[in-house]
Structure formats: structure tokens, C-alpha cells
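Worksheet: the structure to be examined is printed underneath.
The values are calculated or read from the model by the stated rules, or taken from the named source; none is laboratory data. What you are looking at is a predicted structure, and each value in this text was computed from that prediction instead of being measured. Note that we place each Cβ from the backbone using ideal geometry, even for glycine, and neighbour counts take in every protein chain shown. Surface accessibility is based on the protein's heavy atoms, side chains included, excluding ligands, DNA and RNA. Shrake-Rupley method; radii C 1.70, N 1.55, O 1.52, S 1.80 Å.
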Amino acid sequence: MSSDGANENCVGYAARDPSGVLSHYKFNRRALGADDVSIRITHCGVCYADVIWSRNKHGDSKYPLVPGHEIAGVVKEVGSNCHRFKVGDHVGVGTYVNSCRDCEYCNEGLEVDCVKGSVYTFNAVDADGTITKGGYSSHIVVHERYCFKIPDNYPLASAAPLLCAGITVYAPMKRHKMNQPGKSLGVIGLGGLGHMAVKFGKAFGLNVTVFSTSISKKEEALSQLGADKFVVSSDQKQMASLVKSFDFLIDTASGDHPFDPYMALLKTGGTLALVGFPSEVKFSPASLNLGMKSISGSVTGGTKDTQEMIDFCAAQGIHPMIEIIPIQYATEALERLVKKEVKYRFVIDIESSLMDT
């Protein structure tokens, strides 16, 4: 599984240490199993998770580490027992590549919540004891259950960010019925997740307001993303004018921020769905109890919701705003992501750039 072997069948970019610097790396993918799909990767989205584990922010990184869990590509081979895909199909792979397939959540298509823990697409220990390696690579072998059909008319570069950023906001929006036309939605934070929440909200027929600390994002939020209103969250007068006016809030901000001012914006019975990861969540019990409000957490989604979301995006013409980059730019892209210098998702053109290195 290292770059020293004689029979490596996959090429990628890997971090070797907590510096997070990515460089050329050869390794072996597992042999195709009966239920597997072998995918030639054409594109891979760049997620903040790639920063976290390439730089060992959680102290559990396993080097060499190949990041990437927003994978899109083309089926190049299928196992003898694979029935959902055929060679040439456009497919995606998201944040996990295995689960127990037997617990109540797996049985309901909620594999992300597998009782025994889903196996992440990179930096995780798979059932065979190997360390998973992600989409910053030329191909990947995955059990068909964890692959998603991408309609032929939907661009693979656009599909990649749906596999994490897209499903991370779509799943809680669906779960909490944030798809009722005419209802009001507030989107907190306008980055990779937030801009997809705006797009889904408008497609669901909601009245969408963006909350951001940066006035520089106003024009883009209104004119390009189609939000109905933009609010600078530090403007107390603006915030006070919106008390008890939202049916739903989806909080995509990972930086630390106060929660009480946002909880005050919810109508009676309103719900705030948290999908970001601030260092703490702190609010007064009164913010929750008065008005029967709810706060709920969420991460990505199960296979059922993910396929539904991809089909919805294709049918509605919903595409993430992306900046396509070559693999050689990946380290710099991660640094720009940390600095929030991307609108709104980097996508690596694996097909055109990886084999040139």
C-alpha cells in the first residue's frame, strides 16, 4: 500500500505529515470484488474535511493520507454480482464507503448513522483492515451500495460537491420539511454548504434570507444565488427587525458565533438545523423553551437521500458554484479554503491533470 511497492495500480496525491502538503503518490487499490464498482475518477471536490485530516487536526491522521470524499467519475469495471451499474455509467461516491448493512439505520438507507459506524472514504479502517484512501486519485473501488448514479446530462464537475456539501444541507432540509413553498428560511453562513442551502431553498419555493458577517457577499447572494434578502448578522437593528419571522434556520457556519440572537428569529415551533462545527454551542434555555423551538444536528445523509438529491439537482438544473483546479494546485487550494478565499467549492479536474504529473 506504499509508494515503494512494485505493483501499484493507482496514482494520487497524498499528505505525508501534518504540514498537509500534498504530493504525487502511488498505491494499490483492492481487487474488484463481486459487489464492487471500479470507478475512473474524473473530478473530486475539495472539502474542509480534507484540511482537517491532511493536517492531523483531530490527532488521528494515518499517513500517507489521500484526501477527497466528493468523488465523481465513470464506471470502468463492475463485479460479477453488481446489478445497479454498468461500464460507462456516470457515478458518484460520497463521505463513506462501507457500513454494517444490517442495523436498523442501514436497513432504512441511513448508512451514515450505522450503529457500528460507517467507514469514511479516506483515513478510516475498512472491514479488511486496510486504510481507505480518497478521491485525490485516479480510480477507486467501492461496493455498489455506496455509489450513486449521476444522470448523463448532469456535469460530473458539478456533481462532485453534491456528495458532501450538497447532501449535508439537503438531508436536514428534507427531514425537517424545509421544502414547503411559501415558508421562510434563514441560511447562516455563505460558503460551500450555505450557497447550496440557498439554491435548495429557492428550488423548494421558500423565501430565503442569507445571514453573513461579510457585506461583500451581499451582491452575489442576491443576484447570483437568488436569495430574497441579505442581512449582516452583526447589525443588531437588522436582526431585531426579524425576530419571530422564520420558520426554519440552517446554520452552516463553523466559526464560533452566538446562538441566542438566531434562536430569537424563529417563529413558534421553528427549527434550527446545525450542520457546521463551531467549537461550542451555547444558548439560554429560554431561547429554546419559549416558543417551542427546536435545534437539531446533522451530517451528510444516507444513500436514499443522496440519490434523491442528485436526481433533484439534475431535474431542477441546480449546480454548485465551483472553481475547477488541477491536482497540482491542491495544497494551495486547501490553504485558500482555510482563508475562505473560494466561491464556493474547489473541484479538482482529476482526469485532465493527474496523469500529467
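Any residue in the range 226-243 that's free of Cβ contacts under 8 Å to residues at least 60 places away in the same chain and basic (Lys, Arg): show its pairings with residues that are open to solvent by 60 Å² or more (accessible area, probe 1.4 Å) and outside any helix (DSSP H, G or I) at Cβ separation under 9 Å, as long as the two are six or more apart or on different chains.
Lys229/Asn207
Out of the range 208-227, which residues are outside any helix (DSSP H, G or I) and touching a helix residue (DSSP H, G or I) at 6+ places or on another chain (Cβ under 8 Å)?
Within the range 208-227, Val208, Val210, Phe211, Ser212, Leu225, Gly226, Ala227 meet the criteria.
Within the range 338-346, is even one residue more than 25 Å from Ser216 (Cβ to Cβ), touching a helix residue (DSSP H, G or I) at 6+ places or on another chain (Cβ under 9 Å) and modelled with pLDDT under 95?
no
Output yes when any residue across the range 119-127 is under 30 Å from Leu266 (Cα atoms) and modelled with pLDDT of 95 or more, and no when none is.
no
List every residue pair whose Cβ atoms sit under 7 Å apart, with the two residues 6 or more apart in sequence or on different chains, where the first one lies in the range 35-47 and is assigned to a strand (DSSP E or B) and the second, anywhere, is hydroxyl-bearing (Ser, Thr, Tyr) and surrounded by fewer than 24 Cβ atoms within 10 Å (Cβ to Cβ).
Partner pairs satisfying both residue conditions: Ile41/Ser138.
If you scan the range 156-202, which residues turn out to be in a helix (DSSP H, G or I) and hydroxyl-bearing (Ser, Thr, Tyr)?
Result: Ser158, Thr168, Tyr170.
Would you confirm, using the coordinates I've provided, whether Gly255 is exposed (fewer than 14 other Cβ atoms within 10 Å of the Cβ), outside any helix (DSSP H, G or I) and at positive phi?
no
Return only the number of the condition from (1) surrounded by fewer than 18 Cβ atoms within 10 Å (Cβ to Cβ); (2) assigned to a helix (DSSP H, G or I); (3) modelled with pLDDT of 95 or more that Gly205 does not satisfy.
Among (1) surrounded by fewer than 18 Cβ atoms within 10 Å (Cβ to Cβ); (2) assigned to a helix (DSSP H, G or I); (3) modelled with pLDDT of 95 or more, the lone unmet condition for Gly205 is (2).
Applying the selection to the range 106-148, what residues are open to solvent by 50 Å² or more (accessible area, probe 1.4 Å) and touching a Cys at 6+ places or on another chain (Cβ under 6 Å)?
Val115, Lys116
Quick check on this structure: which one of Val97, Val87, Val115 is closer than 19 Å to Gly302 by Cβ, among the hydrophobic types (A, V, I, L, M, F, W, C) and part of a loop (DSSP other than H, G, I, E, B)?
Within the list Val97, Val87, Val115, the selection yields Val115.
Among all residue pairs at least 6 apart or on different chains, which show Cβ distances below 6 Å where the first residue, located in the range 303-332, is crowded, with 18+ Cβ neighbours inside 10 Å and the second is part of a helix (DSSP H, G or I) and among the basic types (Lys, Arg)?
Cβ pairs passing all conditions: Ile318/Lys199.
Taking interchain pairs and intrachain pairs at least six residues apart, which have beta carbon atoms under 8 angstrom, with the first residue in the range 244-256 and without any contact (Cβ under 8 Å) to a residue 60 or more places away in the chain and the second basic (Lys, Arg) and open to solvent by 20 Å² or more (accessible area, probe 1.4 Å)?
Matching pairs, first to second residue: Lys244/Lys267.
For the range 292-301: of the residues being of a type outside the set (A, V, I, L, M) and over 14 Å from Phe259 (Cβ atoms), which is surrounded by the fewest Cβ atoms within 10 Å (Cβ to Cβ)?
If we take residues in the range 292-301 being of a type outside the set (A, V, I, L, M) and over 14 Å from Phe259 (Cβ atoms), then Ser298 is surrounded by the fewest Cβ atoms within 10 Å (Cβ to Cβ).
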